[in-house]
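Heads up: the structure comes next, in structure tokens.
The values are calculated or read from the model by the stated rules, or taken from the named source; none is laboratory data. Computed from a predicted structure; not experimentally measured. Cβ atoms come from the backbone with ideal geometry, glycine included; neighbour counts cover every protein chain shown.
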Amino acid sequence: MSDKVVLAYSGGVDTSVAIKWVPENYKMEVITLTVDIGNVPNLEAIKKKAEKLGVKTAIVIDARETFIKDYCWPALQANALYEGVYPMATALGRPLIAKLMAETALKYGAKAVSHGCTGKGNDQVRLDVGINTLAPDLKIIAPAREWGMTREQTIQYAIKNKIPIPVTKKNPYSIDENLWGRAIECGILEDPMNEPPEDAFIWTKSPDKTPNKATYIEIDFEEGIPVGLDGKKLDGITLLENLNKVAGDNGVGRIDHIENRLVGIKSRELYEAPAAVVLFQAHQALEEMTLTKQQQRFKQKVAIEYSDLIYNGLWFSAMHQDLAAYVQSTQRFVTGSIRIKLWKGTSMVVGRKSPYSLYSFKLATYEKEDTFDPSNAVGFIQLWGLPVKTQAQLQPIQKSSALNSLKASKKSK
Ligand code: ARG
């Protein structure tokens with residue numbers, strides 16, 4: 001009996017070719033594993049396709065709930081946006097896929113795992129590091145990294161081996177998607193000066209085709225986790241599906257970004273993430289109400305580290321565990337509701353409330369209810385400005401150079 005290999009199978013060109021290429025080059029029996037983390041086109045069709053290509057064991061796992069609960073929500077609580085804009089749908093999905101690949105391999109006694117990543121992207125790092133961390137004895141086979149075929153040669157190989165090819169002229173992009181978002185690469189987008197054509201977008205309407213009237217939504221959070229929409233309690237899957245729809249219908253959630261890949265390449269990345277974009281905005285708005293200035297400031301620093309480590313494939317690390325524990329602790333009062341106005345490709349926070357709000361009307365108001373004592377301000381300002389005032393008197397060099405440049409700019413007028 002030949003050794004087994006668990007292949008992460010999406011039904012796309014590369015992994016379909018791998019179904020034939022791996023046994024040809026490694027003499028192993030392929031078990032396919034298709035992981036559903038949302039928005040997988042047709043799971044049954046993918047399974048059938050694998051079987052038609054000769055696979056005896058084609059496994060499909062519905063991991064949507066786990067994906068949302070253990071990957072999306074913690075990233076949301078951390079405000080983890082890579083380089084400030086990318087909600088990391090792909091980056092968050094990979095560690096979960098790696099985990100399921102490792103578990104499936106162990107369960108079926110496979111000696112190896114295989115995936116369709118090329119040697120140029122981040123995904124190979126995320127999957128390989130994940131697998132090496134969780135199951136170091138598994139061999140990793142990455143055909144698209146090894147076979148040295150161009151896109152055209154891969155397609156030729158597919159034709160020769162009677163493998164149906166989903167890439168057509170009508171679908172010229174490389175896509176990766178799940179409930180948290182959709183990544184669109186390749187084709188005309190590789191020239192960063194080209195505006196993305198409308199056909200690149202599936203989940204979001206063009207703002208000139210969206211309703212002229214604004215849509216208002218209200219998102220309820222409990223300890224930093226979205227639990228309801230417009231006053232109705234919803235499970236994570238339904239909430240994300242509904243939010244993707246309503247925000248996308250209003251043209252919200254498009255991201256066009258030049259991104260720094262871990263492997264050193266700058267790449268032009270296009271994303272659609274209507275629900276994630278709105279949720280990050282809403283979650284941050286709720287933190288503005290419920291965290292102190294110091295908590296917010298420190299959390300921003302953590303968010304950079306947190307998103308970097310997710311993006312860079314270090315999900316299964318002690319560093320992650322530690323940061324996640326900190327983020328969890330910050331969320332204990334991030335409960336409340338955020339009102340958002342969706343209109344013509346924009347989303348705006350227009351209302352917020354929380355039982356733990358730190359916003360005090362009595363302190364903020366200029367009306368008669370005001371309880372703030374302004375006489376305290378005088379002494380406070382004296383002490384606050386004391387070091388600068390002292391320094392300005394004792395170190396006149398700074399003062400004079402500032403004055404000199406003031407004089408010089410006056411003269412040149
Ligand atoms: N640049 C994004 C990332 O690294 C998206 C990658 C999309 N992956 C793909 N296989 N098409 O997370």
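Among the listed residues TYR306, TYR326, TYR356, which satisfies the condition of being in contact (Cβ under 8 Å) with a residue 12 or more places away in the chain, part of a helix (DSSP H, G or I) and more than 30 Å from ILE265 (Cβ to Cβ)? Testing whether each residue is in contact (Cβ under 8 Å) with a residue 12 or more places away in the chain, part of a helix (DSSP H, G or I) and more than 30 Å from ILE265 (Cβ to Cβ) leaves just TYR326. Considering region 273-303, and only residues there that are part of a loop (DSSP other than H, G, I, E, B) and out of contact with any Gly (no Cβ under 7 Å at 6 or more places or on another chain), the residue that is farthest from the ligand (Cβ to nearest atom) turns out to be THR292. Before we move on, is VAL334 within 16 Å of the ligand (Cβ to nearest atom), of a type in the set (A, V, I, L, M) and either outside any strand (DSSP E or B) or touching a helix residue (DSSP H, G or I) at 6+ places or on another chain (Cβ under 6 Å) (or both)? Taking the combined requirement at face value, the residue does not satisfy it.
Being aromatic (Phe, Trp, Tyr) and either within 15 Å of the ligand (Cβ to nearest atom) or in contact with a Cys (Cβ under 8 Å, 6 or more places away or on another chain) (or both) holds for only one residue in TYR216, TYR173, and it is TYR173. In region 185-195 there is no residue that is among the polar types (S, T, N, Q), at pLDDT 95 or above and buried (at least 16 other Cβ atoms within 10 Å of the Cβ). The requirement of being of a type in the set (Phe, Trp, Tyr) and either away from the ligand (no atom under 16 Å from the Cβ) or more than 16 Å from the chain's Cα centre (by Cα) (or both) is fulfilled nowhere in region 53-71; no residue meets it.
Quick check: anything in region 287-303 over 29 Å from LYS233 (Cβ atoms) and among the small types (Gly, Ala, Ser)? Within region 287-303 (the criterion being over 29 Å from LYS233 (Cβ atoms) and among the small types (Gly, Ala, Ser)), the answer is no, since none of the residues qualifies.
Does region 152-160 include one or more residues that are within 30 Å of the chain's Cα centre (by Cα), crowded, with 18+ Cβ neighbours inside 10 Å and either within 14 Å of the ligand (Cβ to nearest atom) or not polar (S, T, N, Q) (or both)? Looking for residues that are within 30 Å of the chain's Cα centre (by Cα), crowded, with 18+ Cβ neighbours inside 10 Å and either within 14 Å of the ligand (Cβ to nearest atom) or not polar (S, T, N, Q) (or both), one finds none in region 152-160, hence no. One residue stands out among those in region 249-272 that are part of a loop (DSSP other than H, G, I, E, B) and away from the ligand (no atom under 11 Å from the Cβ): the one that is farthest from LEU239 (Cα to Cα), which is GLY264. Restricting region 113-139 to residues that are surrounded by fewer than 18 Cβ atoms within 10 Å (Cβ to Cβ) and either part of a strand (DSSP E or B) or modelled with pLDDT under 95 (or both) leaves a set whose member that is nearest to the ligand (Cβ to nearest atom) is THR118. Restricting region 22-39 to residues that are over 21 Å from the mean Cα position of the chain (by Cα) and in a loop (DSSP other than H, G, I, E, B) leaves a set whose member that is nearest to LEU7 (Cα to Cα) is MET28. Within region 190-208, being in a loop (DSSP other than H, G, I, E, B) and not basic (Lys, Arg) holds for ASP191, PRO192, MET193, ASN194, GLU195, PRO196, PRO197, PHE201, ILE202, TRP203, THR204, SER206.
With respect to GLU218, is the statement that it is of a type in the set (D, E, K, R), modelled with pLDDT of 95 or more, exposed (fewer than 12 other Cβ atoms within 10 Å of the Cβ) and not in a helix (DSSP H, G or I) true? Criteria not met by GLU218.
Against the numbered list (1) within 10 Å of the ligand (Cβ to nearest atom); (2) buried (at least 20 other Cβ atoms within 10 Å of the Cβ); (3) touching a residue at least 60 places away in the same chain (Cβ under 8 Å), TRP180 comes up short only at (1). The number of residues in region 8-21 that are within 19 Å of ALA98 (Cα to Cα) and outside any loop (DSSP other than H, G, I, E, B) comes to 6. Among the candidates LEU229, LEU234, the residue that is without any contact (Cβ under 8 Å) to a residue 12 or more places away in the chain and surrounded by 14 or more Cβ atoms within 10 Å (Cβ to Cβ) is uniquely LEU234. If you check THR346, THR290, THR330, THR335 for being closer than 30 Å to ASP208 by Cβ, at pLDDT 95 or above and of a type in the set (Val, Ile, Thr), only one passes: THR346. Every condition in (1) more than 24 Å from VAL13 (Cβ to Cβ); (2) among the hydrophobic types (A, V, I, L, M, F, W, C); (3) touching a Phe, Trp or Tyr at 6+ places or on another chain (Cβ under 6 Å) holds for ALA91 except the one numbered (1).
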